[in-house]
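Colleague: Got a structure for you, questions after.
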């Protein structure tokens with residue numbers, strides 16, 4: 001096992017009471033979700049976890065820094081924590097590929113989730129990525145297969161899985177680590193099959209129509225809650241989580257512990273069927 005990971009302190013922000021903010025357009029929410037000052041995985045680890053021991057490598061190629069995984073303690077609960085890592089500085093952005101994981105990252109996550117199942121520990125994932133890395137090397141190493149395998153693998157895990165969408169939830173790169181029994185979403189996060197800009201480019205061949213695409217895609221937390229894609233919305237401080245990372249992290253911790261408590265008492269063997277039922281019901285309308 002690696003030593004406990006340390007994150008460089010982030011700049012302090014003004015305090016704010018955690019409560020839902022006023023109505024915003026979908027594109028306003030996209031901008032908040034992408035804000036570079038928004039808390040990242042190591043911010044949450046530092047604020048939420050009493051202990052975190054990072055584990056490295058997929059045992060095949062390398063250690064993808066776009067996905068951080070390790071054993072952690074959140075309140076009284078020991079868990080396996082996996083999360084996208086965008087980085088907080090330019091150097092960290094580059095090393096972590098701006099949170100866009102290669103196949104190695106998803107294979108690392110699966111390797112460690114298997115350990116969580118073996119040790120009967122819940123899995124908690126933090127989702128914040130524009131999408132999986134679309135580069136040539138990633139495709140040559142089986143990016144699509146790694147994403148598909150991760151979705152299948154998480155669906156079959158015989159242990160509780162709680163997923164938190166903290167920023168951008170972009171396409172298969174997000175879904176690959178978001179197959180959970182409880183899906184939580186921060187108030188100013190987004191979750192979508194494609195970016196608004198990408199959608200506008202395909203439909204209208206005009207990136208300026210991204211705000212229209214954002215509204216049509218139904219990518220905000222209230223819309224996704226209404227559609228049954230996410231289970232609950234975590235309120236943020238006024239102005240967004242970046243205005244008060246400590247308050248945002250406290251709200252995330254409370255929501256994660258509540259979700260884990262809801263899953264107590266379910267037999268491990270029952271989780272795959274319950275999870276399958278949950279996801280297969282999405283998209284069905286009367």
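What follows is calculated from the coordinates using simple rules that are stated; it is not laboratory data. As the structure is a computational prediction, the values presented were derived from the model and not from experiment.
Colleague: Over the stretch 26-276, what is the mean sequence separation of C-alpha contacts under 8 Å (at least six apart), divided by residue count, expressed as relative contact order in percent?
Modeller: Relative contact order here is 20 percent.
Colleague: Now for a separate question. If one computes the Cα centroid of the stretch 60-104 and of the stretch 207-265, what distance in Å separates the two points?
Modeller: Cα centres, the stretch 60-104 to the stretch 207-265: 20 Å.
Colleague: So what is the relative contact order for the stretch 136-286, in percent, with contacts set as C-alpha pairs under 8 Å and at least six apart?
Modeller: Reported relative contact order: 25 percent.
Colleague: Also, I was wondering about something else. Please give the calculated 222 nm ellipticity per residue for the chain, where each DSSP H segment of at least 4 residues contributes -39500 (n - 2.57) and the sum is spread over every residue; nearest 500 deg cm²/dmol?
Modeller: That calculation yields -11500 deg cm²/dmol at 222 nm.
Colleague: With equal scatterers on the alpha carbons only and no solvent term, can you work out the Debye log10 of I(q)/I(0) for the stretch 100-142 at 0.27, 0.30, 0.31 1/Å?
Modeller: -0.94, -1.03, -1.06
Colleague: Right, another one. So if I take the centroid of the Cα atoms in the stretch 38-56 and the same for the stretch 112-179, what is the distance between those two points in Å?
Modeller: After rounding, the separation between the Cα centres reads 18 Å.
Colleague: Which whole-number percent of Cα pairs in the chain have a distance greater than 22 Å?
Modeller: Result: 55 percent of Cα pairs exceed 22 Å.
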